[in-house]
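These notes concern the structure reproduced below.
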Amino acid sequence: MVIEAARDRGELGFVVLLFAVTAVALGNSVVLPFLPEMVDQMSPGASGLARGHLVVALVTVSQIAGCLSAPLWGWVSDRWKRWPILVVGLLGFSLTMALNSAAGFERLYVLRLLNGVFAAAVVPTAFAMVADRSPDLVRRARQFTWLNALVFAGELTGPLLGEISVALGAASPFLAPAALSAIAVPGLLLVSRESAAGPVGSVPRPKAREALVPLLLISAIASGCLTVLHLTLSLGSGARNLSRENVSMLFALCGGAMLVAQLVPFTGRRVTVGAVWLLRPMLAGLAAALIIAVFARTLWVLVPVFLLAGWSTATLIHCF
């Protein structure tokens, strides 16, 4: 009975983690289609080039803040506990997301920076908690796959959630992901006393750590290229005669392709063998998507471009 209860509680804790990372991914992806309009409203006299620079700055400040703060959150969670970091991250992300639409221009930069900081407290810590509590490597791998998949599901549904919120008359497209992030907190507190199984596996050897460097570089390049593609579409939507709804749909298709790529059943030996031959075609596919996107002018040409970009990026990030 005790073992079954502990296992059930462990499953509940994992479901809560899935919900938390999905809520944060929703919030991150809902923002980009609406940023050009927000910048236009806040600086109506600015030139097109200046508005483009402002949008890029609002996107990159969040991502840079997340990259710089993630190691700090990891260090704190290693020496403290995981779940308080998750609670702080979810509450902070919810609050800053809700305030995005009501902020002035200067405060919007601060809020976007804080969005990145608090998002970095949630997703990496959720993976660390799974690693701590997985009883074996197979279970850990499966749960990592589902966490990745739910992040991509959030990327898929975030733009659609924003458009639906606006269509239903919501005051801001950012309120729904803010509410979802806050809802995850009580569930996390409910399972916070769940006992940890302890880290699984051995500490990586120095050579293994060195081998991670090129893989991390590939992941960084893939993520950066996808961000450039999204920014190119957002800033060039007028020249392509695309509405904000069209842009949101393309972002959602990209997230859907990433989700499907993550759920392709690569397991065990197939991952190791497949990584070698998948690397070049996926990089080539991502490069082709970026080149075609520069010259594409119609929605139906951009649809396969974003599907290809999403699939290639997800494979490069999570299969190597």
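None of the figures in this text is laboratory data; all of them are computed from the coordinates on show. As the structure is a prediction and not an experimental result, all values here were calculated from the model. With ideal geometry, Cβ positions are generated from the backbone for all residues, glycine too; neighbour counts draw on all protein chains shown.
Observations
- R0 of 22 Å, Cβ-Cβ distance residue 241-residue 167: FRET efficiency to nearest 0.05: 0.55
- Residue 190 paired with residue 47, simple spin-label distance in nm, labels 7 Å along Cα-to-beta-carbon: 5.6 nm
- Here the residues 258, 42, ranked from fewest to most Cβ neighbours within 10 Å of their Cβ, fall in the order 42, 258.
- Sites residue 297 and residue 79, calculated FRET efficiency, Cβ-Cβ separation with R0 56 Å, nearest 0.05: 0.60
- In a fully extended conformation the segment linking residue 217 and residue 12 would gain 70.3 nm over its present Cα-Cα distance, using 0.36 nm per residue.
- Ellipsoid semi-axes in whole angstrom, largest first, where each is sqrt(5λ) of the Cα gyration tensor of the stretch 1-195: 34, 17, 14
- For peptides 71-82, 19-30, 220-231, sequence by mean Cβ density within 10 Å, most packed first: 19-30, 220-231, 71-82
- Between the stretch 50-72 and the stretch 293-314, the alpha-carbon center distance in angstrom: 23 Å
- Residue 40-residue 60 FRET efficiency (beta carbon distance; Förster radius 22 Å; 0.05 resolution): 0.70
- Label sites at residue 139 and residue 107, each approximated as a point 7 angstrom past Cα along Cα to Cβ, lie 4.6 nm apart.
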